[in-house]
Amino acid sequence: MSKRVYILYTGGTIGMQRSEAGYVPTPGLADLIAQKMPLHLSANMPQYVLEELDTLIDSTNATPRDWWTIADRIRQQYHHYDGFIILHGTDTLAYTASALSFMLQGLRKPVIVTGSQIPLCELRNDAQDNLITALLLACQYPINEVCLYFNGRLLRGNRAKKIKASGFDAFDSPNYPWLGQVGIHIEIHQGALAAPSPKAEAFEFPEYGQPRILPLRVFPGIDTSFLKHVLKQPWDGLLLESYGVGNAPDRDPAFLDTLARAIDNGTVVVNLSQCLYGRVEPGSYATGAALMRTGVVNGYDLTLEAAFTKLHHLCALGLDPAMIGSRMEQPLCGELTR
Ligand code: ASP
């Protein structure tokens, strides 16, 4: 029997049309696909159903609530289809792919998130190829995780980053090998793929509200008064993007004391590297070691997107800060390597 794939169109360039103000998300993508892509003529194509969210968005407007809604659609349809495709804007696609991975833990079917840099309505576009390949990946390959497919690259969703504003090769996963590469042939790198979960799916759907998580990039001259000002807000989490292997200034003890006090008061502070490649290695420099002594959590090689969505997820579960900190340091679904 032919495989069945569920496609959810959430908005994004892939289905946008021109307006006076620039490209805007536009309903009716199923009709446009039927007009431009005679998928039914190919025996390799699965049967598919395409649904659109009631409110299509430019993914710039996405919130954690949208991640939840998308994951919930997959949960509702999970037993009716063999694979899932999420059509999404590229701007926050890596956040959504990461968030889906934390909600859909133990997944035993492919979930492929994709989009495009040029809309399908244009004659020359990358939408058609991204969608066709995503359909093949969603129905023919033993994928058990949330992936991002874009321009010939199959990436782990919670390792992916948008690295180019306007190239077709807009995504990469700097700290994890590609899961597959698509040229004339589709090559899947079995060794990099997540193994199927031995247990039943362990989906987690806590209520996703407004995040109280702040990414804060360390910069030359960052000082105690600035940090104190920032920490006046009751943040659940601070993603401290430090230099290199996890270093932050240690010349002013009050700076580190301020961080330590915020941690004592329940803010989970995660040490992430600003570098695209590499990881936090806290023992390498005295500056990094001093930062770790404040009680910050080691973010290892997490992307900012994975760290943000993971922290949001753990906070939504209602865990206490110590438990959140310890889970941040453990891989939940392949998002970090210790
Ligand atoms: N602003 C668009 C979006 O994220 C960009 C894109 O889809 O490429 O929805």
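In this structure, Ser273 does not satisfy being small (Gly, Ala, Ser), open to solvent by 50 Å² or more (accessible area, probe 1.4 Å) and over 28 Å from Glu207 (Cβ atoms).
Out of all the residues in segment 73-87, is one or more surrounded by fewer than 14 Cβ atoms within 10 Å (Cβ to Cβ) and part of a strand (DSSP E or B)? For segment 73-87, residues surrounded by fewer than 14 Cβ atoms within 10 Å (Cβ to Cβ) and part of a strand (DSSP E or B): absent.
Yes/no per residue for (1) crowded, with 17+ Cβ neighbours inside 10 Å; (2) of a type outside the set (Asp, Glu); (3) over 30 Å from Pro177 (Cα atoms):
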site	(1), (2), (3)
His189	no, yes, no
Pro196	no, yes, no
Ala202	no, yes, no
Pro206	no, yes, yes
Ile213	yes, yes, no
Pro220	no, yes, yes
His229	no, yes, yes
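Results for (1) over 22 Å from the mean Cα position of the chain (by Cα); (2) without any contact (Cβ under 8 Å) to a residue 60 or more places away in the chain; (3) more than 10 Å from the ligand (Cβ to nearest atom), shown as yes or no for each residue.
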{"residue": "Ile7", "(1), (2), (3)": "no, no, yes"}
{"residue": "Tyr23", "(1), (2), (3)": "yes, no, no"}
{"residue": "Ala43", "(1), (2), (3)": "yes, yes, yes"}
{"residue": "Val49", "(1), (2), (3)": "yes, yes, yes"}
{"residue": "Asn61", "(1), (2), (3)": "no, yes, no"}
{"residue": "His79", "(1), (2), (3)": "yes, yes, yes"}
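Against the test of being in a loop (DSSP other than H, G, I, E, B) and modelled with pLDDT of 95 or more, the options Pro215, Pro177, Pro211, Pro198 yield a single qualifying residue, Pro177. Across segment 26-42, the number of residues qualifying as more than 15 Å from Ile7 (Cβ to Cβ) and in contact with an Asp or Glu (Cβ under 9 Å, 6 or more places away or on another chain) comes to 0.
Kindly indicate whether Thr55 is part of a strand (DSSP E or B), open to solvent by 40 Å² or more (accessible area, probe 1.4 Å), of a type in the set (S, T, N, Q) and within 16 Å of the ligand (Cβ to nearest atom). Yes. Quick check: anything in segment 25-41 surrounded by fewer than 17 Cβ atoms within 10 Å (Cβ to Cβ), away from the ligand (no atom under 16 Å from the Cβ), outside any strand (DSSP E or B) and within 16 Å of the chain's Cα centre (by Cα)? No, because not a single residue in segment 25-41 is surrounded by fewer than 17 Cβ atoms within 10 Å (Cβ to Cβ), away from the ligand (no atom under 16 Å from the Cβ), outside any strand (DSSP E or B) and within 16 Å of the chain's Cα centre (by Cα). Could you list, in sequence order, the residues of segment 145-187 that are open to solvent by 10 Å² or more (accessible area, probe 1.4 Å) and within 16 Å of the ligand (Cβ to nearest atom)? Selection gives Asn151, Arg153, Lys161, Lys162, Ile163, Lys164, Ala165, Ser166, Gly167, Phe168, Asp169, Asp172.
The values are calculated or read from the model by the stated rules, or taken from the named source; none is laboratory data. Everything quoted here is computed from the prediction, not taken from an experiment. All Cβ positions, glycine included, derive from the backbone under ideal geometry; neighbour counts span all protein chains shown. Side chains are part of the model used for accessible areas, which takes the heavy atoms of the whole protein and leaves out ligands, DNA and RNA. Shrake-Rupley method; radii C 1.70, N 1.55, O 1.52, S 1.80 Å.
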